[in-house]
Amino acid sequence: MAEAPPYPLNIGPIHPALKEPTQFKFVIDGEHIRETDFQPGFNHRGVEYLGMKRNPLQVLHLAERVCGICSAAHQYVFCRAVEHAADIVPTERGDYLRAIVAELERIHSHLLWAGVAGHELGFDSILHYTWKVREDVQDILEILCGNRVNYAYYIFGGVRRDISKEDIAKCRKILSNYRKIEDTVLSIFFSDPTIIHRTKDVGVLTHENAVKLCACGPLTRGAGVKKDIRFDWPHGAYGDMMDDFKVVTPETMGYHATGDVFSQIVVRIGELFESVRMTEWLLDNMPSGPITSEPNLSALLMAKLRMAEGEGVARVEAPRGEDIHYVRLKKNKMEIDSWKIRVPTYGNIMSWLTMFKDQQIADIPIIIASIDPCIGCMDRVTLVRDGSQAEVDWKVLHDMSIEKSRRLMR
Amino acid sequence: MKLTKSFDKSLWVFHVNAASCNGCDIEIVAALTPRYDVERFGIKLVGTPRHADVLLVTGPVNRQMADRVRRVYEQTPGPKAVLICGNCGATSGVYYDSYCIEGPFDEFIKKVDPNAIIVYVPGCPVRPEAITFGVVQAWKALEKLRGEA
Amino acid sequence: MMKYKSGDEIAASFRNRFKGHLIEDPYVKTFRNGVKKTAYSQVFVRVKRERFQDAARHLKTFDGPHHTVASGSDLGDEIEVLFHFEVYSASHGHGVVVTIGTRCPKDDPHIPSLSDIYPSVTPTEREKQEFLGVAIDGIKDNRRLFLTHAVPVGVYPWRKDEFGPEKLVRQVHKDPSGGGDGTRVIADHSPFPPGGPPVKRKGGDA
């Protein structure tokens, strides 16, 4: 005999996020989600503990391996936190080059997200289109840093590699391609009936909850809260851009900030092209001079970091939201004394859970994807019914999502 | 185990994330999308290990995932190959002295199955070209099985 | 037009309000970057445990406090927990990072919860309980967060004493034949063993 509703529904745990490989536990009644709980930690690697056993230069290497998608953001914010703790001042050109790589990373990450969101809606043409145009920004990153992922670009006091005139010309050419496709991308995401049907009024985060639960990143901007670390806390080159650029919210793009998945699409696509303009601005206004304040690594490590005593907090706006590191250094101690990382998804956990309330099972993939939680694929869903376990894989859930798209299109 | 003729033209791959940092994972997706497009060789990602010929593993295996990864390996029907993408699976990478790492994936899987076919693709992260090359190596390793009874 | 207070004014406000209850004098770090040298600052406030909740409440007198995360560290005889906030968030250029911290001795590892004042702190408070072995009194959700399936109860990864995770570390390069056998750590949702958080007496055994 079947149990009476509600039923539990577990999703996870195979999930490739950093500290947020979340196992979701839903309580469902028919097609509707009544309660949501989550169990992260399946991807826990003890990065902070490892950092407390290594010296800052070694941790720099570890910091970018916190997350492969926002590796530049983690290296950037870790460098800043150590600089704040040890009173190292980065050079002006270093600041600009840092911001350029951070913005390029935002372009690649938002394109990645747009493709994955399309995939979750059963719209694979979008996945292939956005990942095709994403390869162009990967080319710029490879020109600048020498690698497609894990750039190893940042160093305390500046950056490791300068940009040559020829490379600037190459970058400008590729960026101008993005300006050309802007209208196409906007029309795909803002007026395609499938996307509108599947994302409007789905997974709503209210303005009130966004403020109360301290959401961050495009999630909170989609709800109409103008939080953006680049402008709120004007560090590095962003202080110089305050007058020329504003926070992107649905209002600035001509839409209402309703906090649903569609608002987040609007914010992310808007930010994507804003980042293209920002990169061009940074290339135009880049000052000359040294790229790092201390080119000699061993001198930096021995004299400055070893003798430093102090603590520092640094925050940057990673593609997914606010990324904050806290670092404390002790005199005559090579290792970092204390290190805490907070990645954007962690800050959005509480808001995320409220978004599932009374939504349908077929909308689970897009709501999970909507906050960009380092998804790649969650593989397996276990439906527990009648006390026995029946395994439903991610594909079935994905098929349900496709089926819903088709139904709406009829 | 004898392989059928249809086997060597299309390898189906199941991707297991065993606490990876996502760097390799996005490169795997990049390998599937238009610029690299491994699907033209008949290689595709599938949604369940029961359909797979190759297990593509990223990341060091941590305590939470160890049991689950072993179960995924056992669920994959033979003949099968394991493709370890990235340094973490081969050596545990930068996480080697963490408290919740069960060790490099190859050692771990050899305990489960001493005869496992393991292909290593080094890199942190691996490049899409390297992943494609690695799948071809897995292909060759599986083709060798054809001679065996 | 509202008046934004600077980091120095915020530090002074805490200094006056919590005189006699401060662990150290509140201090400000101000940085200037870029070509225009736009200033941005961060404030560090450390108050005694009794007034910790009051300090967090006092932060609400400034506009738009945004809680980000709590960090923590093992100081030897004491455990320190720092809550990082930003005031004047969403203000386009006036944000100040304010860190409010407190300490507790290892023989009495208890810290009051801020979840009544800031509802978003629950995940990070759960994390502090499991990583530092410090009890957060009044926490809204007493389960573990990240380590449920990873680390046995009684091991706290950020502790640098006998409760630390050293015994779980397997040195891959020294022990190549080792490796786990894939046995699953039984999921345990309780952050502490039945007797409560680990108590370390000064100079004595645990």
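The values are calculated or read from the model by the stated rules, or taken from the named source; none is laboratory data. For clarity, every value in this text was computed on a predicted model and none was experimentally measured. A quick note on method: Cβ atoms are made from the backbone with ideal geometry, for glycine too, and the neighbour counts reach across all protein chains shown. Remember, those area values only see protein heavy atoms, side chains included, never the ligands or the DNA or RNA. Shrake-Rupley method; radii C 1.70, N 1.55, O 1.52, S 1.80 Å.
When you scan region A:236-247, do you find a residue that is surrounded by fewer than 16 Cβ atoms within 10 Å (Cβ to Cβ) and more than 8 Å from chain C (Cβ to nearest Cβ), even just one?
Initial filter on region A:236-247 (surrounded by fewer than 16 Cβ atoms within 10 Å (Cβ to Cβ)): A:243-244, A:246.
Add one more test, that the residue is more than 8 Å from chain C (Cβ to nearest Cβ), and what stays is A:243-244.
Looking for residues that are surrounded by fewer than 16 Cβ atoms within 10 Å (Cβ to Cβ) and more than 8 Å from chain C (Cβ to nearest Cβ), one finds at least one in region A:236-247, hence yes.
Of all the residues that make up region A:44-62, how many are farther than 16 Å from A:Leu329 by Cα and open to solvent by less than 10 Å² (accessible area, probe 1.4 Å)?
Here is the first cut: in region A:44-62, the residues farther than 16 Å from A:Leu329 by Cα are A:44-47, A:61-62.
So of that shortlist, the ones also open to solvent by less than 10 Å² (accessible area, probe 1.4 Å) come out as A:44-46, A:62.
The number of residues fulfilling the criteria is 4.
Can you tell me which of A:Lys212, A:Lys226, A:Lys200 is under 25 Å from A:Arg277 (Cβ atoms) and surrounded by fewer than 21 Cβ atoms within 10 Å (Cβ to Cβ)? Break it down stepwise before answering.
Details: A:Lys212 fails: under 25 Å from A:Arg277 (Cβ atoms); A:Lys200 fails: under 25 Å from A:Arg277 (Cβ atoms).
Matching residue, one of A:Lys212, A:Lys226, A:Lys200: A:Lys226.
Please verify whether region A:278-286 includes one or more residues that are within 14 Å of chain C (Cβ to nearest Cβ), part of a loop (DSSP other than H, G, I, E, B) and either open to solvent by 10 Å² or more (accessible area, probe 1.4 Å) or basic (Lys, Arg) (or both).
Yes, region A:278-286 has at least one match.
Test B:Gly103 against the stated conditions and say whether it is in contact with a Leu (Cβ under 9 Å, 6 or more places away or on another chain) and of a type outside the set (Val, Ile, Thr). Reasoning before the result, please.
On the way: in contact with a Leu (Cβ under 9 Å, 6 or more places away or on another chain): no; of a type outside the set (Val, Ile, Thr): yes.
Considered against the rule, which asks whether it is in contact with a Leu (Cβ under 9 Å, 6 or more places away or on another chain) and of a type outside the set (Val, Ile, Thr), B:Gly103 comes out as no.
When you go through (1) under 15 Å from A:Pro56 (Cβ atoms); (2) open to solvent by less than 10 Å² (accessible area, probe 1.4 Å); (3) touching a Phe, Trp or Tyr at 6+ places or on another chain (Cβ under 8 Å); (4) not aromatic (Phe, Trp, Tyr) one by one for A:Glu294, which number turns out not to apply?
Answer for A:Glu294: the failing condition is (2).
For region A:154-207, which residues satisfy the criterion of being among the acidic types (Asp, Glu) and touching an Asp or Glu at 6+ places or on another chain (Cβ under 7 Å)? Spell out the reasoning first.
Our first condition is that a residue be among the acidic types (Asp, Glu); within region A:154-207, this holds for A:162, A:166-167, A:182-183, A:192, A:201.
A:Asp201 - this is the single residue of region A:154-207 that is among the acidic types (Asp, Glu) and touching an Asp or Glu at 6+ places or on another chain (Cβ under 7 Å).
Hey, can you tell me all the residues within region C:110-119 that are surrounded by fewer than 24 Cβ atoms within 10 Å (Cβ to Cβ) and either under 18 Å from C:Thr68 (Cβ atoms) or in contact with a strand residue (DSSP E or B) (Cβ under 7 Å, 6 or more places away or on another chain) (or both)?
Residues of region C:110-119 surrounded by fewer than 24 Cβ atoms within 10 Å (Cβ to Cβ): C:110, C:112-113, C:115-119.
Matches in region C:110-119: C:His110, C:Pro112, C:Ser113, C:Ser115, C:Ile117, C:Tyr118, C:Pro119.
Collect the residues in region C:81-92 that are facing another protein chain (nearest Cβ under 8 Å) and not in a loop (DSSP other than H, G, I, E, B), keeping them in residue-number order. So that I can check it myself, show each step before the final result.
Narrowing region C:81-92 to residues facing another protein chain (nearest Cβ under 8 Å): C:82, C:84, C:86, C:88-92.
Residues satisfying the conditions are C:Leu82, C:His84, C:Glu86.
Applying the selection to region C:57-77, what residues are more than 7 Å from chain A (Cβ to nearest Cβ) and under 13 Å from the mean Cα position of the chain (by Cα)? I'd like the intermediate steps shown before the answer.
Looking only at region C:57-77, we keep the residues that are more than 7 Å from chain A (Cβ to nearest Cβ), and these are C:57-65, C:70, C:72, C:74-77.
Listed by number, the residues that qualify are C:Ala70, C:Gly72, C:Asp74, C:Leu75.
What number goes with the only condition from (1) closer than 22 Å to A:Gly217 by Cβ; (2) surrounded by fewer than 15 Cβ atoms within 10 Å (Cβ to Cβ); (3) aliphatic (A, V, I, L, M) that C:Val96 does not pass?
The number of the failed condition is (2).
Restricting to region B:84-97, what's the tally of residues that are open to solvent by less than 10 Å² (accessible area, probe 1.4 Å) and more than 7 Å from chain C (Cβ to nearest Cβ)?
Result for region B:84-97: 5.
Kindly indicate whether B:Leu32 is among the hydrophobic types (A, V, I, L, M, F, W, C), open to solvent by 20 Å² or more (accessible area, probe 1.4 Å), within 21 Å of A:Glu135 (Cβ to Cβ) and over 13 Å from the mean Cα position of the chain (by Cα).
Numbers: among the hydrophobic types (A, V, I, L, M, F, W, C): yes; open to solvent by 20 Å² or more (accessible area, probe 1.4 Å): yes; within 21 Å of A:Glu135 (Cβ to Cβ): yes; over 13 Å from the mean Cα position of the chain (by Cα): yes.
Considered against the rule, which asks whether it is among the hydrophobic types (A, V, I, L, M, F, W, C), open to solvent by 20 Å² or more (accessible area, probe 1.4 Å), within 21 Å of A:Glu135 (Cβ to Cβ) and over 13 Å from the mean Cα position of the chain (by Cα), B:Leu32 comes out as yes.
State whether one or more residues within region A:375-392 are at pLDDT below 80, open to solvent by 50 Å² or more (accessible area, probe 1.4 Å) and within 12 Å of another protein chain (Cβ to nearest Cβ).
Yes, there is a match, as at least one residue in region A:375-392 is at pLDDT below 80, open to solvent by 50 Å² or more (accessible area, probe 1.4 Å) and within 12 Å of another protein chain (Cβ to nearest Cβ).
Which condition does A:Val267 not pass, out of (1) open to solvent by 10 Å² or more (accessible area, probe 1.4 Å); (2) more than 25 Å from C:Gly34 (Cα to Cα), if it passes all the others?
Going through the list (1) open to solvent by 10 Å² or more (accessible area, probe 1.4 Å); (2) more than 25 Å from C:Gly34 (Cα to Cα), A:Val267 breaks only (1).
Looking at region B:30-50, I want the residues that are farther than 27 Å from B:Arg68 by Cβ and have a partner that is open to solvent by 20 Å² or more (accessible area, probe 1.4 Å) and among the acidic types (Asp, Glu) with Cβ atoms under 9 Å, at least 6 apart or on another chain. Which pairs are those?
Partner pairs satisfying both residue conditions: B:Tyr36/B:Glu129.
So, of the residues in region B:54-79 that are touching a residue at least 40 places away in the same chain (Cβ under 8 Å) and in a loop (DSSP other than H, G, I, E, B), which turns out to be farthest from the other protein chains (Cβ to nearest Cβ)?
So, considering only residues that are touching a residue at least 40 places away in the same chain (Cβ under 8 Å) and in a loop (DSSP other than H, G, I, E, B), the one farthest from the other protein chains (Cβ to nearest Cβ) is B:Pro79.
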